[in-house]
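Data first, discussion second: the structure below is written as structure tokens.
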Amino acid sequence: MSTDALGSQPAKLTPLEQLRYARQVLQSESRAVGEVAKRLDGRFCRAVEHVLGCRGSVIVSGIGKAGLVGRKISATLASTGTPSHYLHPAEAVHGDLGRVHPNDVVLILSQSGETEEVVRLLPSLTELGVAILAITASAESTLGRAAAATIELGPMEEACRLGLAPTSSTTAMLAVGDALALVVSRMRDFRREDFARFHPGGSLGRMLSRVDHHLRPLDQCRVASDEKSVREVLVSVSRPGRRTGAIMLVDGAGRLSGIFTDSDLAKLFERRRDPQLDGPVRDVMTARPITVLAGSPMADAVALMAQRKISELPVVDGEGRPVGLIDITDVVGLLPPEPAAEGAATLPIGPDLPGVGPSPPGCRLFREPGPPEPT
């Protein structure tokens with residue numbers, strides 16, 4: 001929409017004024033959540049009991065911004081062990097009430113508790129015999145009175161400068177929904193393994209899954225006998241296409257005895273130890289390398305690689321035989337961020353730096369270490 005249609009000119013705020021107002025918004029919403037936290041009482045516990053005892057689905061409903069928050073709460077419930085789906089109030093009275101069954105629980109969000117579409121839905125839900133839970137400002141509203149348990153948000157000042165746009169109220173609703181979902185999840189003894197089952201995709205899914213799902217299988221790895229020479233190993237394991245940065249070496253019983261990496265080969269050349277190329281690889285390999293057991297959580301493998309600063313992690317079975325390899329290039333997106341290097345300074349928001357210009361938040365500038373101080 002153009003500024004002409006709005007009938008006003010856009011406000012000109014300096015960067016400092018923009019940051020000040022943004023912080024005011026965040027602080028206002030933070031206070032709202034804090035006030036709701038203080039207000040929680042036995043009615044919240046009754047809502048928990050209804051959700052925990054629900055034998056069907058928790059159906060979340062709301063309209064407008066409250067409806068959007070409701071969709072997120074429903075998704076959080078579903079991903080933390082409570083079957084849930086969203087029901088649009090307007091669509092509900094046009095046939096979608098068929099989704100609601102007597103063993104369900106309906107959680108309705110409305111700041112005023114008097115929203116027309118929500119109020120119109122209440123008699124039908126009562127007739128269906130489902131328990132109604134409410135997140136609303138007042139337990140004395142129409143929605144609050146119809147609910148079996150009402151989580152009361154209380155009076156609230158929106159963070160919007162005009163006091164109109166749902167901001168603090170929707171943030172509080174979302175926080176209460178998260179609290180409800182996570183309390184129930186904890187009482188169900190919902191665990192990492194359960195979460196992984198519902199969330200197999202993305203980086204989070206990979207971290208929660210097992211190494212077996214992400215390792216490079218043995219037929220894609222370089223494996224050789226530790227009795228061969230370095231030259232024989234390099235020739236025998238050469239393969240086209242993408243390869244790992246390490247050769248896994250096994251003894252006569254097929255158990256992993258060591259690894260020989262590209263870095264190990266480079267060191268032989270750097271130190272002018274060319275004759276060792278024709279010597280046993282076991283003399284220059286890394287013996288008893290760090291390994292991870294098949295079936296281990298991927299998160300443990302990634303943490304081990306980060307802590308020990310290794311690029312290749314062999315995966316072995318219970319007998320110590322290699323079953324695959326995790327390469328750093330396969331998990332680089334899962335590694336925790338490195339701490340800031342010594343000599344790197346964070347630039348605060350402030351006056352422009354000479355020759356650099358304004359400093360964005362969190363920008364790091366490397367400063368060359370100065371001369372040592374005289375002793």
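General remarks:
- Packing rank of 163-171, 109-117, where each peptide gets the mean count of other beta carbons within 10 Å, highest leading: 109-117, 163-171
- Local electrostatic count, Phe190, Cβ distance below 15 Å [Lys/Arg +1, Asp/Glu -1]: +1
- Relative contact order (%) - region 211-334, alpha-carbon pairs under 8 angstrom, separation at least six: 31
- Listed peptides 296-309, 138-151 by packing density, highest first (mean Cβ within 10 Å): 138-151, 296-309
- The mean sequence separation of alpha-carbon pairs under 8 Å and at least six residues apart, normalised by the residue count of region 1-139, gives a relative contact order of 21 percent.
- Reachable lysines, given that their alpha-carbon falls under 24 Å from the alpha-carbon of Lys309 and they are not under 8 places away in the same chain: Lys267
- For region 15-190, dividing the convex hull volume of the Cα atoms by the residue count gives 115 Å³ per residue.
- Selected from Ile108, Leu52, Gly154, residue furthest toward positive end of dipole (region 15-190; charges at beta carbon): Leu52
- Summarised as an ellipsoid, region 234-327 has semi-axes of 24, 15, 13 Å, derived from the eigenvalues of the Cα gyration tensor scaled by 5 and square-rooted, with the largest first.
Values quoted throughout were computed directly from the atomic coordinates according to the rules given, and no laboratory measurement underlies them. Small disclaimer: the values here were computed from a predicted structure and weren't measured. In this analysis, Cβ positions are derived from the backbone assuming ideal geometry, glycine residues included, and neighbour counts consider all displayed protein chains.
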